[in-house]
Amino acid sequence: MLITAVLATTYSGPIVRFAAAPAVAIAFWRLALVLPVTFGLATREPQVRAVREAFRLMLLSGLLLAVHFWTWIASLRFTTVASSVLLVSLKPIFAWVLAGLWLREHPGRAERWGIVVAVVGATLIGLSDARLSLGALGGDALALIGAVTGAGYYVIGRRVRQTVGVWSYASAVYAVAAVALGVVAAFRGAPLTGFGPSDWAVFAAMAAGPMLVGHTGMNYALRHFRATTVNVAALGEPVGATLIAWLVPAIHEVPTPRALVGGMLVLVGIGLSVGRERR
């Protein structure tokens, strides 16, 4: 499930390039379109008491997810796919710190090496097409905010998923995030309707793959793997995103040899971390 979830997230970065809608609208519909499915499946998980006890944490998780999506999608308008996904993929470092301080979960020696190798590889991917313009720096800052909030979202998920079913957790968190983004859109005067067919196609594709399969699959895995392990596995996203951005003619961001080496290091790091955690 974890591998499937990571594969489902790889096209989220490149496909955003085909949407003309504001970033907040893309993030909103990515969440809103999956809610009928998650709420329907959550009815099979009678966990009223567990959900009530964890509601505050799920509320915070939803708010962090809303900021994560908004800042990351907005960053793609100012910097390259590889650079944006790279900075968001620093989540394992922040998750390592947060999980250690709050959950007292510390990765083992092999997993620590896996994190280091994977992050170095992801760094090579990002450095291969670094930009020095002010616009790119602004996009990089947004992506970094996305990394911090994304790490918090996964660490909370690791805690809550020990008592709350995946569909109940996903429904609550996705709904909170969607409402928060709706409020942001209203405050900023950003439209949530009136988009063309290509925008709605992007919304649907983001909801079906990266959201329903990707994020929900990772939330499922959080019950069985530490937050750091799930975040290291998620580093497979920039590898896939870079390849897709290279192969899609409308984007055609050709990776450098350094980026290809970085991709191989990422895969080695994932193997070290996830393999050790399974043992």
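The values are calculated or read from the model by the stated rules, or taken from the named source; none is laboratory data. Everything numeric here is computed off the predicted structure, so don't read it as measured data. Backbone-built Cβ (ideal geometry, glycine too); neighbour counts: all protein chains shown.
Summary table
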item	result
Boolean, Val254 is of a type in the set (Val, Ile, Thr), modelled with pLDDT under 80, over 20 Å from Met206 (Cβ atoms) and assigned to a helix (DSSP H, G or I)	no
Residue list for the stretch 227-260, restricted to those being out of contact with any Ser or Thr (no Cβ under 9 Å at 6 or more places or on another chain) and surrounded by fewer than 24 Cβ atoms within 10 Å (Cβ to Cβ)	Trp246, Leu247, Val248, Pro249, Ala250, Ile251, His252, Val254
Selection count where residues are out of contact with any Lys or Arg (no Cβ under 7 Å at 6 or more places or on another chain) and in a helix (DSSP H, G or I), scope the stretch 185-229	26
Of residues in the stretch 152-168 being more than 16 Å from the chain's Cα centre (by Cα) and part of a helix (DSSP H, G or I), the one nearest to Arg56 (Cα to Cα)	Val160
Qualifying helices (runs of 4 or more DSSP H) (wholly inside the stretch 1-120; at least 1 residues being surrounded by fewer than 21 Cβ atoms within 10 Å (Cβ to Cβ) and not hydrophobic (A, V, I, L, M, F, W, C))	2-9, 35-42, 48-53, 55-75, 91-102
Residue in the stretch 74-85 that is within 27 Å of Val179 (Cβ to Cβ), among the basic types (Lys, Arg) and under 13 Å from the mean Cα position of the chain (by Cα) present	no
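Every residue, every condition in (1) in contact (Cβ under 8 Å) with a residue 40 or more places away in the chain; (2) of a type in the set (A, V, I, L, M), yes or no:
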| site | (1), (2) |
| --- | --- |
| Thr43 | no, no |
| Arg49 | no, no |
| Met58 | yes, yes |
| Gly62 | yes, no |
